[in-house]
Every structure is written in structure tokens, then in C-alpha cells.
1. If you wrap region 45-96's Cα atoms in a convex hull and average its projection over all directions, what's the area in nm²?
2. What FRET efficiency would be calculated for the residue pair PHE182, TRP77, taking the C-beta separation as r and a Förster radius of 25 Å, to the nearest 0.05?
3. Which percent of Cα-Cα pairs in the chain sits in each 5 Å bin, short to long?
4. Can you give the net charge of the other residues whose Cβ lies under 11 Å from the Cβ of THR85, counting K and R as +1 and D and E as -1?
5. Show me the three semi-axes of the equivalent ellipsoid for region 85-128, from the C-alpha gyration tensor (sqrt of 5 times each eigenvalue), largest first, rounded to whole Å.
6. Within the chain, which is the longest segment that contains none of the GluC sites (Glu not before Pro) sitting in a DSSP loop with at most 14 other Cβ atoms within 10 Å?
7. If you bin every alpha carbon distance in region 2-55 into 10 Å steps from zero, what whole percent lands in each bin?
Amino acid sequence: MANFRRFRPDDLNKFSKCNLDQYTETYELGFYMQYHAKWPSLFQVAEDQDGNIIGYIMGKLESSPEVYQYSEHYLPWHAHITAVTVAPEARRLGIGRLLTQHLEVAADANNAWFVDLFVRVTNDKAIAFYKSMGYSVFRTVKDYYGDHSTDPTLNSEDAYDMRKPCKRDVKLEHIRENGEKFEVNPEDVW
Ligand SMILES: CC(C)(COP(=O)(O)OP(=O)(O)OC[C@H]1O[C@@H](n2cnc3c(N)ncnc32)[C@H](O)[C@@H]1OP(=O)(O)O)[C@@H](O)C(=O)NCCC(=O)NCCS
């Protein structure tokens, strides 16, 4: 079975089982190291008995810049899932769920209001995965992947911004019903 632990820099040599997937973005090395340096508890890996990385999650804690605090799009203190991926051979074994639950516990420990993420509107499997864990669509970001995607085989596309409230949000003030219909442009997302 899988062993779960914090990411270490030498894990970057062992990401290929996960990163060949078309929905898993491969970033510059410095991007991974920034997450490792700033939010080490939100960067977790799952490894198999041979030491291969068969899943990982990268996350961060943030809020919108203070200057936007009166904007309707202002994001209060929250945890963000930047990437979660599981190698094809290891899917449907609960690894993605365990990685995500670990990040949610860290979000609560850091007094976040919610956990959020962006997902392509056609990534049905990931959307089903997030919904199974209690996430719902907060808004649709038009053409979010137009400029952000590095994979030329994927089309320009809208994103769902999905959220799950943390324990702190007892009144459920940071989620909404029918968020699919609430459309914003990428420049409204900070
Ligand atoms: C999305 C992803 C991380 C899920 O990882 P996983 O380890 O296979 O997920 P889990 O086994 O923990 O699944 C938990 C639940 O999510 C749902 N789920 C997961 N994969 C699903 C699928 N392919 N179809 C429908 N529901 C799915 C199920 O309810 C599942 O519970 P069950 O197996 O008891 O029915 C994985 O499919 C993946 O790496 N996809 C490619 C990368 C990607 O799209 N990442 C998200 C980008 S935003």
C-alpha cells in the first residue's frame, strides 16, 4: 500500500508516473520548491513500496491582496489546492481522498474559511471526485485556461472554481448554490 509523507526535493525525480497525465500540469522546478519552502505541510506525497511517487497534492494558504478587500471578488483567508494527482495505476484506491483530507485538516488548523481549487469544466472525473468529498461549484471562470495551460493538446476552456467550507464557516457564508451560473472573467480571480 501507499506511504504518505511530506514532499522532499528529490521526489521531483520520481513524479513521472503522475505527470504524464494530461490533466496534471508540470511546472518549473522553482514553482515546486516555492511550495516546499512556504507551505511544507500542504505538499504531501504518496509513495509505493519501491519509492515511486504515485500521488501528490500541492496547496497554499492565502487571501486576496488587502487593496481588494471591498471588492465582491475578495477572497478571505483560505487554502488552495494547486495540484492533486494520482498515477493511473493507483486510482480509485482512496489515495486522492486521503491526500485531500490531509490538506483540509491543515486548512482547519490554519483557521481558513474554505478550501478552493480550479478544474476544467470537462474534467468529469475530477469534478466527480471533488463533489464526492463535499466540494461544490462557487463560480465559473470564463476561458480560465486560455492563457494558463502549458499543454497544447488541451483546448482553451472555462474553469469551475470549486469550494468546500472549513469548520470555521459555520454559517456556510463562503459557498453558494448554482455557482455554475455565476460567471466571472479571469481578471476577477486573484
Ligand atoms: C481526480 C483524481 C486525483 C482522483 O484520485 P483517486 O485517488 O483516484 O480518487 P479516490 O480513489 O480517492 O476517489 C474518491 C472518490 O472520488 C470519486 N471518484 C474518483 N475518481 C472517479 C472517477 N473516475 N469517476 C467518478 N468518480 C470518481 C468516487 O466517489 C471515489 O470514491 P469510490 O471510489 O469509493 O467510489 C485522479 O483521478 C487524478 O489524478 N486525475 C488526473 C489529474 C486531475 O484531474 N487532477 C485534478 C485537477 S483539478
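Every number here is computed from the coordinates shown, using simple stated rules; none is lab data. Given the structure is predicted, the values throughout are model-derived calculations rather than measurements. Methodologically, a virtual Cβ is constructed for each residue, glycine included, from the backbone with ideal geometry; neighbour enumeration extends over all protein chains shown.
1. Numbers: hull surface 19.6 nm².
Over all viewing directions, region 45-96 projects a mean Cα-hull area of 4.9 nm².
2. On the way: r = 21 Å, r/R0 = 0.85.
Plugging the Cβ-Cβ distance into 1/(1 + (r/R0)^6) gives 0.70.
3. Histogram of Cα-Cα distances, whole percents per bin: 1, 7, 16, 20, 21, 18, 10, 4, 1, 0, 0.
4. Values: positive: LYS17, ARG91; negative: ASP21, GLU25.
Here the count lands on 0.
5. On the way: eigenvalues 98, 47, 8 Å².
In descending order, the three semi-axes are 22, 15, 6 Å.
6. On the way: sites that count: GLU28, GLU72, GLU173, GLU177.
Here the longest segment lacking exposed loop sites spans 73-172.
7. The distribution over region 2-55 is 24, 58, 18, given as percents.
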